[in-house]
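I have a structure I would like to understand better, so I am pasting it below and will then ask my questions one at a time.
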Amino acid sequence: MGSHSEDNVEKLLQAQTQVFNHIFSFINSMSLKCAIELSIPDIIQNYGEPIPLSQLIAKLPINPSKTGDIYRLMRVLTHSGFFNVTKNDVEVMYELNDASRLLLKDHPYSMTSMLHVILGPIMSKPWCQLSNWYKNEDPSPFHTENNGIALWDFAGHDPKFNHLFNEAMACETRMASSVMMGKFKGVFEGLESLVDVGGGIGTITKVIAKSFPNIACIVFDLPHVVDGLEASENLKYVGGDMFEAIPPTQSILLKGVLHDWNDEECLNILKKCKEAIESKGKEGKVIIIDAVVENEKEDKESFAAQLFYDLEMMVLVNGKERNEKEWSKLFFSAGFSNYKITHGLGFKSLIEVFP
């Protein structure tokens, strides 16, 4: 009986630890945010070799009374896998790894803008409304937090947030662009025209236009997003509403767009895509870059990212991530005849959809 009771207590203690870890999991995010704001990755990079704790502290813009607390911050970050740590005879030393290099301000694929916008108050406060949202009729917790204002309308009236949001979307797109022009370059071969719907500041379209000078490219987004952006020889910016009409084209790119919308809205967008392609009178396709939610057993890290992104879309814009069955239903309901899914973009995939 005693042994059974001890086993039960041990299980309870393990369960308690699990609950504590989830309660405190926000500390991982906020510690990372702090490290970026203190420029810790850049200081380590500029040092040129593993940096001793004392040297790191000396280069940080902190109050002298806080020097003894930097080790505690770095301990959490190294435990989370963001820095490598070694020891000499005197003290610990830190160096960058693949994850922390993506947090350098001048890294070509830097994710610092994404971190700032996701963890900033505008996009983090709606999470405090999640339980209230389940009880009311608002489209999203963002609406609840912001008195009925949608994210896109908020961005349209807040230039500072709009700029930060567009930069965050661009930083994610830069890496995808590199991969696309590598192993997925063939997807664009033979095309004469392409409209990047919801293309933001045109990060990926610029790469496509440069790699394929014969493709006439258009970045199509809301007027406040594309206002003032400079066109090039085979790339121009057009403001408009994808729910009303999309410029005629042979092909359409939807990167990270459809997961922003519910099924009814996605169906409307896809129908507009089909109309735009068919009005061109040539065989074309829609190219989608979005998550295809897979089984956890395939890739646990990617599956976790997909689940997190799914809730993020629910909280901010009433969107969702989808599995193949859900994607298939949308494509065929919109009148498309076939599709092809290719994995290889991290936790996202490339989907080609044919009329």
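The values are calculated or read from the model by the stated rules, or taken from the named source; none is laboratory data. Just so it is clear, the model here is predicted, and its values are computed rather than measured. Note that we place each Cβ from the backbone using ideal geometry, even for glycine, and neighbour counts take in every protein chain shown.
Every residue in the range 342-355 that is at pLDDT 95 or above and out of contact with any Lys or Arg (no Cβ under 9 Å at 6 or more places or on another chain), please.
Within the range 342-355, none qualify.
Given the criteria touching a residue at least 60 places away in the same chain (Cβ under 8 Å), in contact with a strand residue (DSSP E or B) (Cβ under 9 Å, 6 or more places away or on another chain) and surrounded by 12 or more Cβ atoms within 10 Å (Cβ to Cβ), does residue 56 qualify?
Against the criterion (touching a residue at least 60 places away in the same chain (Cβ under 8 Å), in contact with a strand residue (DSSP E or B) (Cβ under 9 Å, 6 or more places away or on another chain) and surrounded by 12 or more Cβ atoms within 10 Å (Cβ to Cβ)), residue 56 does not qualify.
For residue 73, which of the numbered conditions (1) more than 23 Å from residue 221 (Cα to Cα); (2) buried (at least 19 other Cβ atoms within 10 Å of the Cβ); (3) in contact (Cβ under 8 Å) with a residue 40 or more places away in the chain fails to hold?
Among (1) more than 23 Å from residue 221 (Cα to Cα); (2) buried (at least 19 other Cβ atoms within 10 Å of the Cβ); (3) in contact (Cβ under 8 Å) with a residue 40 or more places away in the chain, the lone unmet condition for residue 73 is (2).
Look through the range 239-290, keep the residues that are part of a helix (DSSP H, G or I), touching a residue at least 40 places away in the same chain (Cβ under 8 Å) and in contact with a Phe, Trp or Tyr (Cβ under 8 Å, 6 or more places away or on another chain), and return whichever of them is nearest to residue 139 (Cα to Cα).
Filtering the range 239-290 for residues that are part of a helix (DSSP H, G or I), touching a residue at least 40 places away in the same chain (Cβ under 8 Å) and in contact with a Phe, Trp or Tyr (Cβ under 8 Å, 6 or more places away or on another chain), the one nearest to residue 139 (Cα to Cα) comes out as 259.
Taking residue 126 as the residue in question, decide whether it is in contact (Cβ under 8 Å) with a residue 60 or more places away in the chain, more than 19 Å from residue 199 (Cα to Cα) and either in a loop (DSSP other than H, G, I, E, B) or charged (D, E, K, R) (or both).
Considered against the rule, which asks whether it is in contact (Cβ under 8 Å) with a residue 60 or more places away in the chain, more than 19 Å from residue 199 (Cα to Cα) and either in a loop (DSSP other than H, G, I, E, B) or charged (D, E, K, R) (or both), residue 126 comes out as no.
If the Cβ limit is 6 Å and pairs must be 6+ apart or interchain, which residue in the range 107-119 that is surrounded by fewer than 17 Cβ atoms within 10 Å (Cβ to Cβ) pairs with which residue that is charged (D, E, K, R)?
From the range 107-119, the pairs are 109/174; 119/33.
Residues are listed down the side, and each one gets a yes or a no for (1) surrounded by fewer than 18 Cβ atoms within 10 Å (Cβ to Cβ); (2) β-branched (Val, Ile, Thr); (3) under 20 Å from residue 117 (Cβ atoms); (4) modelled with pLDDT under 90:
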residue	(1), (2), (3), (4)
178	yes, no, no, yes
200	no, no, yes, yes
209	no, no, no, no
216	no, no, no, no
225	no, yes, yes, yes
228	yes, no, no, yes
233	yes, no, no, yes
